Structures are given as C-alpha cells and as structure tokens.
Amino acid sequence: MAKAKYTTHHGMVDILPDETPTWRALENIIHEEAAKFNFEEIRTPIMEQTELIKRGIGQLTDIVTKEIFAFTKGDSNYVLRPELTAPVVRSYVENHLDQRGGSQKLYYIGPMFRAERPQKGRQRQFQQFGVEIIGSDNPVADVECIAFMMRIYQRIGIKNFTLKLNSVGDPESREAYKTVLREYLQPNFDKLSELSQKRLETNPMRILDSKEKEDQEFIKNAPVIGDYLNDESKTHFELVCEMLQSLDIEYTLDPLLVRGMDYYTRTAFELTSPDLGSQDALAGGGRYDLLVEEIGGKPTPAVGFAAGMERLFIACEELNISLADPKKVDVFIVSLGDKARKWALKTLPKLRESGISATMDYLDRSMRAQMKDANRENASFTIIVGDNELEEGTFTLRNMKESDESKLSLDEIIKTLSN
Ligand code: AMP
C-alpha cells in the first residue's frame, strides 16, 4: 500500500473501527463498577494552565522538565494535560466541590499527553482511567481506591500482577528521612547522575525513582523511609495494610516505591504486570494530602490512582481476553432496482424504531455483491426486495446463519425480528 501523505504524530494513534468496540466495552465496565462504588464521573478540559501542572506535579519531575506539551497563545500558557490529579483538584477547588459535603469520590476516563520516547506501552497520547477521593484521610479511602482499581482487572480476568505498596510518609516523617537520605548520598555526589545531583537538595526521595545506571548502586543500599515514619504515618500505613488483608487483596511491600510526582504523601502504590514487558506498570497512585492546599484550597487530604488503558489492552492480548463481541447488525436490506431502494430507505427507520439495527446497500450493487456485504457486516437477517416483492407486498426474510427463508409482510418481519 502507498504511504499516506499525512500521518499521525509519532506516539499518537488512531483508534480504528475494529478497535472502538473494545474501548467501549472497557469504558462500560469502568462506568458500571464506578456506579457500584458510588464514584461520580468528572470531565475536565484537555488543556490546563502550565503553572497548575508545574505547581501540582512538581518543577523537577520528569513530566514537567521533559514531557509536557506546552505552548503560548496570546497572554495564556496552555499545556495538554499529562495526568488528571492536578486538574481534578483544580476543579475541586475552583468549583467548591467541598460544599457538596462529605468526601468527593470522583472518577474519570480520558486522554493524557506526554512527550515521551514512544515504545510498546508508551505513547504520547494515551488514555487513562482513574479515581480521586478528596476530603478523607481515613485509610478506608486508600483501601476503597485500591479495591476499585483491583476490581476492574479482576472483572476483566487479568490476575497476573503485583500490587506494590509503600508509605512515603507525612511531611514530618519525610523531612526526617530526607535528611538521612541526603547524608547518605552526599559523600557520593560526584558519582550520581546529573538529574539526581539536582534532586539531592530539592527532593532527594525522587532519586529512589531514578532509572539511571549510575544511581542504582546507591539506591539499592539506601536507608528506607519505613524506618523514619512517625507514629501517625506508621499507624495509618498499618491500617491500610490490615484493611487490604481483610479484603484478601495481596500486596508486596516495596520500600523504594516513591512514584513520579512530588505530591504523594503516605500511601503509595503501583500495580505491575509481567505480561507488559519493559513498561510494566498497569496503574499507580497514592495519597496526596498536600496538593489541595498547594493549589490554593483548604488543607484537604486525598487519595487516588490512574491506570493506563492501552497497557490494560496489551495485557488482555497476552492473555487472549477479548472484551467486545464481534460486530453485527440485525438486518441488511438487499434491494434490487430503484423502486426497491426507495422502499428500503423508507423501511430502515421503521425497523430502527422497533429497536432493530438495520442497514442497506449504498452502492447500487448486484444481489451477489450485496449478500457478500451482508455477510461481511455479520447481518443476522437479510430482507430481499425487488419489483416482484413490491407488487406482492411480501418480502424474503433470510436467516443468514440457518440459511432458511420465508416470505412475509413488513409487519410480520418486524414482529419476527422484535422477538
Ligand atoms: P502515572 O500517571 O505516570 O502514574 O501513570 C499511571 C499509568 O498510566 C501507568 O501505570 C501506565 O499504565 C499509564 N501510562 C503512563 N504514561 C504512559 C504513556 N506514555 N503511554 C501509555 N501509558 C502510560
């Protein structure tokens, strides 16, 4: 095939007609399960103010330093949203959602944008679903959030994964830990990667998240935050663990798990799958008790997660799980001649009004070609109509699977198909 003159941008893909049913099936599962958990959907704009993203995610994060698509128009700075926690919190503050009372249990589905190097499971436009529970610091909120995430994979039949869990502490614990970590890393400052050198002063915990080769040896032997949690953070984390156990949700403690954004406090978690190759994270999240205030709201604890939908599909493919039924249409009207085509066009709405999905040939083709089309469209029935049928007022209804035919009036056809 000739190469197209115009193509999508690198790392951005079309979701084609053969694939949209699978996407819709997943979206339906998410909406259904969210309703069972009493989560409410939120939809925010694709673009946000650059300052919000920088402030919310952290100036020195990979996302902000390397991956945001940002541009200026007039006096405004725009950024294509790289994630949805900061935008949802912005919306929570801007729209005073706290005044609705209780904790806000929000979920979303939508595209995110990061200028990363594309590879399998890593795109520049990708789709996430996620949850943000804003207004509770009770470990129940952490556990409900994780339980919802697990429920989606469980319902789909993806079981081969690891839930990694850690606590990154509250501000007091983090300060104590950061001091120890800095003291541990400082003597080897020259051997650290450039980015880690930068982070040593501002946010040494993010060094633990580094993928740079030169950092690995120091990360491996670093002191762990678990040893520096104050009583409050420790108790909170123990309760999260206990509650997960009470729900039979298995997890692995990972003392080095810090995650990519600056806003996490206390609970941090990640769901990884061996079916995904090098980009093995299905989903990740945690508590971000400081973010609402950081963005200009009242101090408000919150917890959430985000999951990559393309990666979920990769796992499905590996496991031979198909989410969508093959495409089909109830009726294909095979029409021969001008009069028959006009009749077909007027009959379509009658069928559709009766809840029957229906289509016809748009290309004035032969009976044989139309039958072939009906098969390709996976039509359950065809109605065959030509001049004779119009004169008689009865039409051939063909059951495509069983290859049997009967001559019926339109009313009888609609009655038969409605059953
Ligand atoms: P994050 O917002 O970085 O915690 O990512 C949450 C989830 O989104 C990850 O676990 C992945 O499943 C997915 N994800 C993140 N970045 C990408 C990307 N560039 N392409 C595809 N999926 C991604």
Checklist entry - For the stretch 231-332, list the helices (runs of 4 or more DSSP H) that sit wholly inside it and hold at least 2 residues that are within 16 Å of the ligand (Cβ to nearest atom) and in contact with a helix residue (DSSP H, G or I) (Cβ under 9 Å, 6 or more places away or on another chain); which are they? => result 309-318
Checklist outcome for this item: All conditions in (1) touching a Gly at 6+ places or on another chain (Cβ under 7 Å); (2) surrounded by fewer than 18 Cβ atoms within 10 Å (Cβ to Cβ); (3) at positive phi are true of residue 120 except (3)
Checklist entry - Just checking, which of 177, 184 is in contact (Cβ under 8 Å) with a residue 24 or more places away in the chain, open to solvent by 30 Å² or more (accessible area, probe 1.4 Å) and over 30 Å from residue 32 (Cα atoms)? => result 184
Next on the checklist: Please go through the stretch 227-269 and give me each residue that is among the small types (Gly, Ala, Ser) and free of Cβ contacts under 8 Å to residues at least 40 places away in the same chain, ordered by number.
Outcome noted: 246
Item to check | Qualifying residues in the stretch 106-117 (those that are part of a strand (DSSP E or B) and within 10 Å of the ligand (Cβ to nearest atom)) - the one least open to solvent (accessible area, probe 1.4 Å) | outcome: 112
Checklist outcome for this item: Pairing a residue in the stretch 7-29 that is open to solvent by 100 Å² or more (accessible area, probe 1.4 Å) with any residue that is within 16 Å of the ligand (Cβ to nearest atom) and not in a helix (DSSP H, G or I), where Cβ atoms lie under 6 Å and the two sit 6 or more apart in sequence or on different chains, gives 10/118
Checklist entry - Do we find a residue being farther than 26 Å from residue 21 by Cβ, open to solvent by 30 Å² or more (accessible area, probe 1.4 Å) and modelled with pLDDT under 95 anywhere in the stretch 346-364? => result yes
Checklist outcome for this item: Selection over the stretch 69-96 where residues are open to solvent by 30 Å² or more (accessible area, probe 1.4 Å) and either part of a loop (DSSP other than H, G, I, E, B) or of a type in the set (A, V, I, L, M) (or both) yields a count of 8
Item to check | Subset of the stretch 118-147 that is hydrophobic (A, V, I, L, M, F, W, C) and either under 13 Å from the mean Cα position of the chain (by Cα) or modelled with pLDDT under 95 (or both) - its residue that is nearest to the ligand (Cβ to nearest atom) | outcome: 126
Checklist entry - Scanning the stretch 15-44 for residues that are part of a loop (DSSP other than H, G, I, E, B) and within 16 Å of the chain's Cα centre (by Cα), which turns out farthest from residue 111 (Cα to Cα)? => result 39
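The values are calculated or read from the model by the stated rules, or taken from the named source; none is laboratory data. These numbers were taken from a predicted model, which means no experiment stands behind them. When we count neighbours, we look across all protein chains shown, and the Cβ atoms used for this are built from the backbone with ideal geometry, even at glycine. To get the accessible areas, we keep the full protein, side chains included, count just its heavy atoms, and leave off ligands, DNA and RNA. Shrake-Rupley method; radii C 1.70, N 1.55, O 1.52, S 1.80 Å.
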